[in-house]
Each structure stands twice: as C-alpha cells, then as structure tokens.
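The values are calculated or read from the model by the stated rules, or taken from the named source; none is laboratory data. Here the structure is a predicted model, which is why all the values come from computation and not from measurement. Quick reminder, even Gly has a Cβ in these numbers, built from the backbone with ideal geometry, and neighbours come from all protein chains shown. Quick note on the areas: whole protein, heavy atoms, side chains included, nothing else; ligands and nucleic acids left out. Shrake-Rupley method; radii C 1.70, N 1.55, O 1.52, S 1.80 Å.
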Amino acid sequence: MVLYYSGTGNSQYVAKKIADATSDELISINDHIKYGKKEELISERPLVFVTPVYAWQLPRLVMKWIRETTFIGNRNAYFVLTAGDDCGNATHYAHKLCLEKKFIFYGLALVVMPENYIAMFPVPDKEEAQRIIEKAHPKIEEIAACINDNKSLPKIEPSLIRWLKSGPINSLFYRFCVSDKGFTVSDKCISCEICVLRCPLNNVVMENSRPAWKGSCTHCMACICSCPVEAIEYKNISKGKPRYDIME
C-alpha cells in the first residue's frame, strides 16, 4: 500500500510511479485529512509513506495522521520523502514513529524534486522543473526495486548539521514561519475555488467570492501554486516567481 501526502504534487507523482512499479494500492493521505476519514487501513503489502519534507522532517500533520490511524496487516514501513535538496535527520524521526506504531522500519529515502516552497526559496521554471523530474526517475526505480525485493532502503548517515536542521531549526520554522497571515489575493481572482479544494486542512474558504485564510495553515503551498491566474501572493516573497504545481 502506497500512501502519499502532497501539496503541489511532487509526492503524489513519486507515489504513483512507485505504486505502478510495485502493483500496489494508492491511498491519498490528503483526502483522509481533508475529509476526516477514520477507517482502518488493511494491507498485506508493506506500507510506503510518501511525503514532502517540511523543514527537514516529515510534515507534522502527516505524523499526527499516522499516529491516529489504525493499520492492519503488514507492519513493514518504508518512508520516501521529496525535497528540493535535503531531508536532514528525518530518518531518526521516521524510525521513532515506527517504534510508536510497532512498525518494522525499512528505511527512508530522499527523491530530489523541483523546489516548491515559494514562500521562502527560489522555484524553477517549467523547463528546469521537468529536467529535475526526469533526473529523479532512476532513484524512484531504485526505491521500487527495494520494496519489491523486501529490502531495506540504503541508510542515510546522520550528522550534526542534519540533527540541527531536523531538530532546533524545524522547531523554529514551525514557530516563526508557518502562518497564513502573509497570503493575499488580488483582483485577478476568478473565484474558481481551486485553492479551497486543494487545501488539505480546509483552511481556505470563500468570503465574498474570494479566498480567505482561517489560521490553520501548514504551508503546503497548494493554494498559491494551484491558482490558475496567479492571483495569490505570499507577502512580497512570491512576487515574480514561477508557480510550480506538477498536478496542473
């Protein structure tokens, strides 16, 4: 069973590729979170969790969902993270989560995909994004082969800088950076409600035919990157940057 959480599509893309290669069922964590699904998940195959990296860790809302979800059947767990550069010491936290859930940890792998955190970093244009995606295919195939062969993923060695990124810096990121107060919408808005549909936390609602943010943001960037007319901005940071959304 391949379970994915995705804001702007990187993890969904990788999850679909893995599921195709392993002939596994594909499950959207986004849908479970957004619509409050509480059913037990049963799988005879290993559990493969595919998520983006949020400040060098698994997203907190995904870890919360895994903790609160009942899994029946196979206890082997793989973690596949997508990021523009690095996943820090995310392996430690994924292993710790497995101990809590009584999963058997089969490792964590990073797939480098186009950067999409438009609220902080540069975002590639479409041509460069496509080159990065193509370059990721061999890594995805390697991961799928490990799953098919029931082998652990290659170990990512810990280091001091990775510990700092996934520990103290992650905490500072959530405390000082993760807020929806910087989102604004211009007169270009066409009231299509795509941002509402794409928000996994139902944090975006329509007020007077325009999106409004209600204070429960996780900075997945789905709203800003999925807007078809680029009516949404995040402070002045996003202005002039390409919108990257592989789900287009």
| remark: To the nearest 10 degrees, the tilt of helix 90-101 (Cα long axis) against the first principal axis of the alpha carbons of the chain is 70 degrees
| task | Work out the FRET efficiency for residue 145 and residue 188 from their Cβ-Cβ distance, taking R0 = 30 Å, and round it to the nearest 0.05. | result | 0.10
| task | Return, in residue-number order, each cysteine of the chain whose C-beta is not under 4.7 Å from any other cysteine's C-beta. | result | 87, 98, 146, 177, 189, 192, 199, 217, 220, 225, 227
| query | For the Cα atoms of the chain, what angle does the longest principal axis make with the long axis of helix 10-22, in degrees from 0 to 90, nearest 10? | reply | 30 degrees
| field | Order by protection proxy (mean Cβ within 10 Å, highest first), peptides 153-160, 177-184, 79-86 | value | 79-86, 177-184, 153-160
| field | Calculated from backbone phi, Karplus (6.51, -1.76, 1.60) coupling profile of segment 128-141 in Hz, x at Gly/Pro | value | 5, 4, 5, 5, 5, 5, 4, 5, 7, 4, x, 5, 4, 5
| field | Proximal aspartates and glutamates to residue 214, defined as alpha-carbon separation beneath 18 angstrom and excluding residues fewer than eight positions away on the same chain | value | 180, 193, 233
| task | Please give the peptides 61-72, 90-101 ranked by average Cβ packing (other Cβ atoms within 10 Å per residue), highest first, as a rough proxy for protection. | result | 90-101, 61-72
| query | Under the Karplus relation 6.51 cos²θ - 1.76 cosθ + 1.60, θ = phi - 60°, what is the ordered set of whole-Hz ³J(HN,Hα) values for segment 226-231, x standing for Gly and Pro? | reply | 8, 5, x, 10, 6, 7
| query | Rounded to a whole number, what % of the accessible area of segment 1-86 do carbon and sulfur atoms account for, probe 1.4 Å? | reply | 47 percent
| request: Would you mind telling me the share, in percent, of accessible area of segment 113-232 contributed by carbon and sulfur at probe 1.4 angstrom? | output: 55 percent
| Once the mean 1/r over all distinct Cα pairs of the chain is inverted, what Kirkwood radius in angstroms do you read off? | 18.6 Å
| message | I'd like to check one number: the per residue accessible area of the chain, probe 1.4 Å, reported in Å² as a whole number. | response | 48 Å²
| message | Show me the ranking of peptides 135-142, 8-15, 22-29 by mean Cβ neighbours inside 10 Å, starting with the highest. | response | 8-15, 22-29, 135-142
| task | For residue 205 paired with residue 135, estimate the spin-label separation in nm (one decimal), with each label point 7 Å from Cα along the Cα-to-Cβ line. | result | 4.3 nm
| field | Antiparallel bridges, percent of DSSP beta bridges restricted to the chain (to nearest 5) | value | 25 percent
| Net length gained if the chain between residue 60 and residue 239 were fully extended (0.36 nm per residue, minus Cα distance) | 61.7 nm
| query | Name the residues of segment 18-55 whose amide N is less than 19 Å from a point 7 angstrom out from the Cα of residue 214 along the C-beta direction? | reply | 30-38
